[in-house]
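Colleague: Here's a structure for you.
The values are calculated or read from the model by the stated rules, or taken from the named source; none is laboratory data. Here the structure is a predicted model, which means the values were calculated and not measured. Quick reminder, even Gly has a Cβ in these numbers, built from the backbone with ideal geometry, and neighbours come from all protein chains shown. Protein only, heavy atoms only, side chains kept; ligands, DNA and RNA dropped before computing areas. Shrake-Rupley method; radii C 1.70, N 1.55, O 1.52, S 1.80 Å.
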Amino acid sequence: MKKGVFFVVSGPSGVGKGTVLKKVMAANPNLHYSVSATTRAPREGEIDGVNYFFMSEDEFDRKVENGEFLEHVKTYGISYGTLKKNVEDKVDSGQCVILEIDVKGALNLMDRGIRAVYIFIAPEKFSVIRERLLNRGTEDPEMLEKRVEVAKWELEQADKYEYVIINKDLDKACCEFDSIVRASSCLASCTDFSEFDWSGRKRSAE
């Protein structure tokens with residue numbers, strides 16, 4: 001059985017990552033979001049193990065100490081993290097897993113040698129970021145400027161990724177993402193060569 005692939009996706013706020021991923025995943029049933037762990041309380045309708053793995057601060061801290069997270073962060077007093085075993089089990093079973101994470105988190109994974117296909121989604125031009133953040137209407141002027149400054153730094157890190165997708169045209173961006181998914185599924189690291197002889201014929205059961 002072929003292994004799955006672990007995809008790590010980043011890009012600045014307002015670039016349209018969520019829209020691209022939603023469309024790509026709808027067309028690829030073998031793609032699955034990485035379910036994060038969190039210490040926040042479940043919201044109405046959320047299911048443990050589906051939306052998040054909900055846990056107490058003590059349980060989360062124990063897992064940090066035991067090295068059970070690929071990455072973790074604390075934001076506004078709430079902890080979030082990606083469970084290593086959850087990703088590994090899915091990949092080993094042949095599923096492809098997508099982790100959407102900020103650039104700092106992705107660079108941390110790269111520095112630690114975490115094997116993944118790293119994809120950066122970028123805007124056609126920088127002014128698009130400001131326009132989309134303005135159109136959201138969810139940021140006050142001070143926060144908007146902070147996000148814009150962060151976006152500048154994030155775009156400077158794009159060359160550290162394996163792939164960069166320019167989200168100028170949504171259909172084209174999704175097509176490029178889909179091509180990366182298809183090519184990655186053919187990686188040698190995803191193939192169990194023990195099932196084949198060197199002539200390419202599948203070995204018969206002994």
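Colleague: Gly4 passes all but one of (1) closer than 18 Å to Ala116 by Cβ; (2) part of a loop (DSSP other than H, G, I, E, B); (3) of a type outside the set (D, E, K, R); (4) open to solvent by 20 Å² or more (accessible area, probe 1.4 Å); which number fails?
Modeller: (4)
Colleague: Of the residues Val35, Val9, which is surrounded by 15 or more Cβ atoms within 10 Å (Cβ to Cβ), out of contact with any Ser or Thr (no Cβ under 8 Å at 6 or more places or on another chain) and free of Cβ contacts under 8 Å to residues at least 60 places away in the same chain?
Modeller: Of the residues listed, the single one that is surrounded by 15 or more Cβ atoms within 10 Å (Cβ to Cβ), out of contact with any Ser or Thr (no Cβ under 8 Å at 6 or more places or on another chain) and free of Cβ contacts under 8 Å to residues at least 60 places away in the same chain is Val35.
Colleague: With respect to Glu44, determine if the residue is open to solvent by 60 Å² or more (accessible area, probe 1.4 Å), part of a helix (DSSP H, G or I) and not hydrophobic (A, V, I, L, M, F, W, C).
Modeller: Details: open to solvent by 60 Å² or more (accessible area, probe 1.4 Å): yes; part of a helix (DSSP H, G or I): no; not hydrophobic (A, V, I, L, M, F, W, C): yes.
Here the answer is no, as Glu44 does not meet what is asked.
Colleague: Out of the residues in region 164-177 that are touching a helix residue (DSSP H, G or I) at 6+ places or on another chain (Cβ under 6 Å) and open to solvent by 10 Å² or more (accessible area, probe 1.4 Å), which is nearest to Ser10 (Cα to Cα)?
Modeller: Here the residue is Val164.
Colleague: Out of all the residues in region 93-149, which are over 26 Å from Arg182 (Cβ atoms), assigned to a loop (DSSP other than H, G, I, E, B) and open to solvent by 80 Å² or more (accessible area, probe 1.4 Å)?
Modeller: Asp102, Arg112, Lys125, Thr138, Asp140
Colleague: Could you list, ordered by first residue, the pairs with Cβ atoms under 7 Å in which the first is in region 81-106 and under 16 Å from Lys63 (Cα atoms) and the second is of a type in the set (D, E, K, R), at least 6 apart or interchain?
Modeller: That search, which allows pairs on different chains as well, returns Gly81/Glu71; Thr82/Glu71; Leu83/Glu68; Lys84/Glu68; Lys85/Glu68.
Colleague: Considering only region 89-119, how many residues are over 10 Å from the mean Cα position of the chain (by Cα) and over 14 Å from Glu71 (Cα atoms)?
Modeller: Looking only at that region, the number is 8.
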